[in-house]
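Take a look at the structure set out below.
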Amino acid sequence: MADFFDPNYTGGAFKLFGTGHIIFLLLDLAIILFLIFGWKNPTEKAKKTVSYVLAAILFIWESAFHIWSLEIGTWSLTYHLPLHVCSIMVWASIIMLLTWNYRIYEFAYFIGMGGALQAVLTPEAGIYGLPHFRAFQTLIVHSTLVIVPIFMTTIVGYRPTWKSFLRVAVYTNVYMVIVYIINLLLGSNYLYLMHKPETASLLDVMGPWPWYILALEAMGFALFFIFYLPFFIKDLRARKTAVPAH
């Protein structure tokens with residue numbers, strides 16, 4: 001158990017698309033397919049139970065990360081505040097799962113799922129490979145952030161609208177300005193607004209600062225539209241097949 005939490009882990013860095021990573025991705029896919037195609041006519045009690053379970057998973061694993069960071073002496077204001085997209089969406093998603101708040105759902109669907117999907121495919125666990133706690137925590141939390149909005153959409157029955165798309169886009173940019181100011185005050189790099197991450201990332205192919213921020217925004221808008229596209233097509237077909245009233 002000591003090795004599981006050892007900050008000086010010597011078992012090797014996280015192996016992208018290694019056996020453990022592939023197993024996690026397959027489990028995620030199986031859960032998503034079950035939510036979309038397999039779970040029919042769930043009861044209200046079942047919906048609430050799963051909501052609470054998902055909220056508990058996020059709370060336990062995210063809290064454990066902060067406790068672990070405090071114990072090993074690495075917790076800091078410049079890194080551990082819940083200001084990165086996925087970090088803030090963890091706590092927002094917990095509230096959403098407990099209250100079924102639709103406004104939070106809009107952000108969880110576009111921002112939470114988009115950011116977490118990238119993190120699941122290319123986890124940033126650093127020197128901590130599987131089976132270390134940090135690798136498990138990274139995969140479990142981000143996988144849950146992908147699963148939660150799908151659950152809220154396919155099982156609870158929520159869906160994004162065109163106004164959701166616009167609202168999330170506008171408020172995300174407002175949030176970026178606020179975080180930029182916080183970065184200036186703390187000397188932090190939340191949302192990577194000040195410089196690219198030290199480790200290799202997708203931002204490396206998007207040009208220097210500040211151009212990579214604009215490129216990231218463009219990619220975000222494109223991803224938002226892809227997430228909204230199934231509903232756009234569904235609405236378009238509904239309008240075409242609607243019989244005009246006489």
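The values are calculated or read from the model by the stated rules, or taken from the named source; none is laboratory data. Bear in mind the structure is a predicted one, so any value in this text is a computation, not a measurement. Here Cβ is always computed from backbone atoms with ideal geometry, including for glycine, and neighbour counts include all displayed protein chains. These accessible areas exclude ligands, DNA and RNA; they are computed on the full protein's heavy atoms, side chains included. Shrake-Rupley method; radii C 1.70, N 1.55, O 1.52, S 1.80 Å.
Need the C-alpha centroid separation for region 10-84 versus region 98-162, integer Å. Answer, in whole Å: 7.
Would you list ARG167, ARG237, ARG134, ARG103 from the most to the least accessible area, probe 1.4 Å?
On the way: ARG167 60, ARG237 165, ARG134 35, ARG103 120 Å².
Output order, biggest surface exposure first: ARG237, ARG103, ARG167, ARG134.
All Cα-Cα separations within region 1-50 were binned at 10 Å from zero, giving a P(r) of 19, 28, 25, 21, 7, each value a whole percent of the pairs. Couplings for region 65-78, taken from phi via the Karplus curve 6.51 cos²θ - 1.76 cosθ + 1.60 with θ = phi - 60°, read 5, 5, 5, 4, 5, 5, 5, 8, x, 10, 5, 8, 5, 7 Hz in order; Gly and Pro are left as x. Could you work out the local net charge near GLN137, counting Lys and Arg as +1, Asp and Glu as -1, over the other residues with Cβ closer than 13 Å to its Cβ? Neighbour charge sum, excluding GLN137 itself: -1. Computed from Cα atoms, the angle from the helix 133-151 axis to the main principal axis of the chain rounds to 10 degrees. Spin-label model, ALA56/PHE225: points 7 Å from Cα along the beta carbon direction are separated by 4.2 nm. The angle separating the long axis of helix 162-186 from the principal Cα axis of greatest extent in the chain is about 20 degrees.
Might you tell me the accessible area per residue for region 102-246, computed with a 1.4 Å probe and given in Å²?
Heavy-atom SASA per residue in region 102-246 reads 52 Å².
Given a 1.4 Å probe and the protein chains as shown, HIS84 ends up with an accessible area of around 40 Å². For region 56-188, with equal point scatterers placed on the C-alpha atoms only and solvent neglected, what are the log10 I(q)/I(0) values from the Debye formula at q = 0.14, 0.20, 0.22 1/Å, to two decimals? Each listed q corresponds, in turn, to -0.68, -1.26, -1.40.
The orientation-averaged shadow of the Cα convex hull for the chain, equal to a quarter of the hull surface, comes to 16.2 nm². For a modelled paramagnetic label at ILE155, 7 Å from Cα along Cα-to-Cβ, the residues of region 95-132 in reach, with backbone nitrogen under 13 Å, are 97-98.
Can you pull the percent of region 146-246's accessible area that's carbon plus sulfur, 1.4 Å probe, other chains left in place? All intermediate terms of the calculation are to be shown ahead of the outcome.
Working: 4560 of 6220 Å².
Carbon and sulfur atoms account for 73 percent of the accessible area of region 146-246.
Can you figure out the FRET efficiency of LEU98 with ASN41, using R₀ = 30 Å and their beta-carbon distance, to the nearest 0.05? Numbers along the way, then the final one.
Values: r = 23 Å, r/R0 = 0.78.
The value I calculate is 0.80.
Rounded to the nearest 20 debye, the dipole magnitude of the chain is 1200 debye, with +1 charges on Lys and Arg beta carbons, -1 on Asp and Glu beta carbons, and the Cα centre as origin.
Between the Cα long axis of helix 19-33 and the first principal axis of the chain there is an angle of about 20°, rounded to the nearest 10. The candidates LYS47, LYS15, LYS40, arranged from most to least accessible area with a 1.4 Å probe in the full protein assembly, appear as LYS15, LYS40, LYS47. Using the 1.4 Å probe convention, the accessible area of region 1-50 works out to 73 Å² per residue with neighbouring protein chains retained. Label point of LYS48 set 7 angstrom out along Cα-Cβ; within region 82-118, amide nitrogens under 14 Å from it belong to 98-100.
Ignoring ligands, DNA and RNA, what percent of the 1.4 Å accessible area of region 9-69 is carbon and sulfur?
Ligands and nucleic acids excluded, carbon and sulfur reach 74 percent.
Lysine pairs in the chain whose alpha-carbon atoms fall under 25 angstrom of each other, counting only those eight or more residues apart or on distinct chains, come to 6.
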